[in-house]
Amino acid sequence: MTTLAPTAAVGTTIRDRATDLRHNWRQHIPLALLLIGTAVFYLWDITRNEMGNSFYAGAAWAGSENWKALLFGSVDPSNFITVDKPPVSQWVMGLSGQIFGFSSASMLIPEAIMGVLSVWLLYSAVHRLTNNRGASLLAGLALALTPVAALMFRFNNPDAVMVLLMTAAAYCTVRATLAGSAKWLALAGAAMGFAFLAKMLEGLMSLPALALVYLIAAPVVVWHKRILHLLYAGLAMIAASGWYVVLTLLWPKDSRPYLAGSTDNNFMNLVLGYNGLDRIQGRSGGHGGFNPGRLPENITINGHTYSHDQITHAFHGGGMGGASAGLFRLFKGEFAVEISWLIPAAIVAFVAVIVLRWGMPRTDAIRAGGILFFCWMLVDGIVLSYMQGMIHPYYTLAIAPAIAGTVGVGVAAAWAERGRLIGRGFLAAMVVAAGIWGFVVADRAPQWNGWLSWVVLALTIIAAAAIIGSLALPARLTRVVGLGVIAAALIAALAAPAVYAANAVGTKQTGGNPSANPVSRAGGFMGGGTNHHGGGGFGFGGATQADPQLSALLKSANGYRWPAATSRSSSAAGYELAYRVPVMAIGGFMDDPAPSLAQFQQYVKDHDVRYYLQPNMSVTAGTQAGPSTGAPTTGGTTHHRERPGGADQQQSGQPQSGQQPGGFGFGRGSNGVTAQIQQWVDANFHSQTIGGVTVYDLQAPLH
């Protein structure tokens, strides 16, 4: 009989382990449902967005064709100039194109996957801080249903990978803070370094919060050792980003693409200028910025006419999104629709954390989580609110995890005190803050789902009253009623942003300024409309359609390094997507000094570039829009020293009065390389109009 004892013991152990496994498996079901639901939501008909922002799509195609283009983030596979951001986002999309073949799906599906990973990392961070699965699920769900997240995790701008890396850095910082781990803190620094390589200084906006929470709450007793750990993390961040900076400095400039946005082909010039202080302070200077002084009265882009005041306001003070710079920018216009829904609740949540965790040890995890996420939201939010330069509402994706994380941690803190009036009071206050503000924002558009705001308001009142009133319920009813109260509170807080997020997912998003606002989407300057012209118009173009005659012409020039050249990167990217040939982007995104007129003339002489394509844009000095530059005429019509849509020019190729070749006042205006080259081409080469595009044959001089 004694021989049975070990068997019985083993059997008991196996049964216990099986029970534990089943229990643990069941615990993970809600998280699995959250992640699967997020994946389905973000991936649903994602290719309806076609090429999204053609500026980045063209570079993704280039990266799928050429390894050097992938490394540097070049606009074309022949490596003339890069996009005006570091290349991490292009690495993801370009490498996907290398593996699966370039398409809308191979480019956009990784963006959605990054959204799912961000939700997972946020859930994991909040759960480690609070040990509360419900609050962690709430944080993940809040992030997934934030309209700007649903918008940008289905789009091909660099914001998705930047936010994934920022969230990864926050998760690693949580691990480091809870354990006093220099290793995890170094990993957080490395994630920050790669976030910098995604979108430069914007990727570092959460850095003060990460450093502060470790300094305050890490269980390392000796304070100067905490500082030493932060220095290690700083070195990891520098190493993770610095290798690429060094690479650009050491790589011979004549064998790599020009770094767009810089004035001297130097990465640090790009960091400190165009993508740094210039953005915050609104300076145009010599960094390819916006110069309203050169604007005429009207500009017609892709059939839409915009006034001087509209465009000036759009570029200065954040007119894009309907909100000027200031403390309340994030609560106005498009910004409010994309990000603001849970900001009031997050503020209440942080107050709850500080009040309810007052007197707890320095290393208290819930308070540390509140500090981390709220300070991230605060620092990044203030910068976004007061930026004087060009700002798009979708930039606010950078604070979406911070807002959701603050709410999740605050709910956990209040839930732990739910047996006391103060705990339930804070829970009710968070529901009221989210619900009332949701009512206000939704009520601004009564013509679109006007029922939504009133449903949210009614549920808010019911949920808040039930939270407070449930204190008087008998214990046997608390669990049953509690489930209903939680459901009502969730719907009150998340229904409005969820409806707007669903609308963003269900709407085709292309161009340079995708929008989650169904009311303003159609009419705003540089909005999210689809641009079907291959040239990209203003330069933020979306989907493209190829003209068969122009396609045949460009394919016949495939022996050239660049079968075509055109003004600006976005126009070049549009042509590349339509015709799948390398196109030289003269002047980059904002009239960079590349190439010089002499360099371009040498390219033409060396038979490196065959055709010059005139972008389709008209600029007029009067009160009515003039003829569209490059307006469609009979295919194949030949012009001799004639501006498209205008009268003959002088031999010098000077533009007509009221016209600004090279792009209505961006950067260096009529003195920039874009205008100089366009004027030289116009004065010296035969042209014809094909498919609405004016094509100059650079091997067919007039003389």
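The values are calculated or read from the model by the stated rules, or taken from the named source; none is laboratory data. In this text the structure is predicted, and so the values were computed from the model without any measurement. As a convention, Cβ positions derive from the backbone with ideal geometry for all residues, glycine included, and neighbour counts pool all protein chains shown.
What number of residues in segment 389-423 are assigned to a helix (DSSP H, G or I) and surrounded by fewer than 22 Cβ atoms within 10 Å (Cβ to Cβ)? Total satisfying the criteria: 5. Taken across segment 34-48, residues that are on the phi < 0 side of the Ramachandran plot, free of Cβ contacts under 8 Å to residues at least 24 places away in the same chain and touching a helix residue (DSSP H, G or I) at 6+ places or on another chain (Cβ under 7 Å) do not occur at all.
Restricting to segment 44-55, count the residues that are in contact with a Gly (Cβ under 9 Å, 6 or more places away or on another chain) and assigned to a helix (DSSP H, G or I). Summing the residues that are in contact with a Gly (Cβ under 9 Å, 6 or more places away or on another chain) and assigned to a helix (DSSP H, G or I) in segment 44-55 gives 4. Screening Y214 on (1) out of contact with any Gly (no Cβ under 6 Å at 6 or more places or on another chain); (2) in a helix (DSSP H, G or I); (3) more than 21 Å from D364 (Cα to Cα) shows it passes everything except condition (3). Tallying residues that are aliphatic (A, V, I, L, M), at pLDDT below 90 and surrounded by 17 or more Cβ atoms within 10 Å (Cβ to Cβ) within segment 517-559 yields 2. Residue count for segment 217-247 satisfying the condition of being of a type in the set (V, I, T), touching a residue at least 40 places away in the same chain (Cβ under 8 Å) and assigned to a helix (DSSP H, G or I): 1. Filtered by the rule that a residue be at negative phi and in a loop (DSSP other than H, G, I, E, B), segment 352-371 gives R357, W358, M360, P361, R362, T363, D364.
Residue-level check: of (1) under 11 Å from the mean Cα position of the chain (by Cα); (2) under 21 Å from A39 (Cβ atoms), T167 misses just (1).
The residues in segment 354-380 that are small (G, A, S) and buried (at least 23 other Cβ atoms within 10 Å of the Cβ) can be counted, and the count is 3.
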